[in-house]
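Here's the structure, in structure tokens; my notes come after.
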Amino acid sequence: MTKQRKNYSPEFKRKAIAMVVEQKQAVTEVARSLGINDGNLRRWIREQDEKKEMSFPGKGQQALTPDQQRIKELEAENRQLKMEQEILKKATAFFAKDLL
């Protein structure tokens, strides 16, 4: 029998961390009250400390630094501009053919 893995939302993880860090409650106490494994909560706290705002990007999402996000946006813009340029080249060739 396979055990179904539980997925917790980033908001849930942050609230659990806040209970430990800000409210100074014990990790085991918070974990027990939320019905989660204390090892998971410790890992979430460690990840939050290491990655700060980049922690817990969500399921299927990739954590990008601001520079990586900017590069991604610029690459998308570059693809769009190249496509528009090709369309203009084809239109120019089409209309130039009619003039000759």
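Can you sort Arg70, Arg14 by how many other beta carbons sit within 10 Å, fewest first?
Ranking Arg70, Arg14 by Cβ neighbours within 10 Å, fewest first, gives Arg70, Arg14.
List the GluC sites (Glu not before Pro) within segment 63-95 that fall in a DSSP loop (any state other than H, G, I, E or B) and whose Cβ has at most 13 other Cβ atoms within 10 Å.
For GluC sites (Glu not before Pro) across segment 63-95 that sit outside H, G, I, E and B with at most 13 neighbouring Cβ atoms in 10 Å, the list is empty.
Could you check the spin-label model distance between Asp38 and Arg14? Points 7 Å from the Cα along Cα→Cβ, value in nm.
A separation of 2.7 nm, rounded to one decimal place.
Using Cβ counts within 10 Å as a stand-in for footprinting exposure, how do Arg79, Arg32 rank, fewest first?
Details: Arg79 10, Arg32 13.
Arranged by neighbour count, lowest to highest, Arg79, Arg32 become Arg79, Arg32.
With 22 Å as the limit, write out which pairs from Lys13/Lys51; Lys51/Lys72; Lys13/Lys72 have Cα-Cα distances beyond it, or answer none.
Checking Cα-Cα distances, Lys13/Lys72 exceed 22 Å.
Read-outs: derived from the displayed coordinates by stated rules, not from any lab. Since the structure is predicted, the reported quantities are computational estimates derived from the model, not experimental observations. Positions of Cβ are generated from backbone atoms using ideal geometry, with glycine treated the same way; all protein chains shown enter the neighbour counts.
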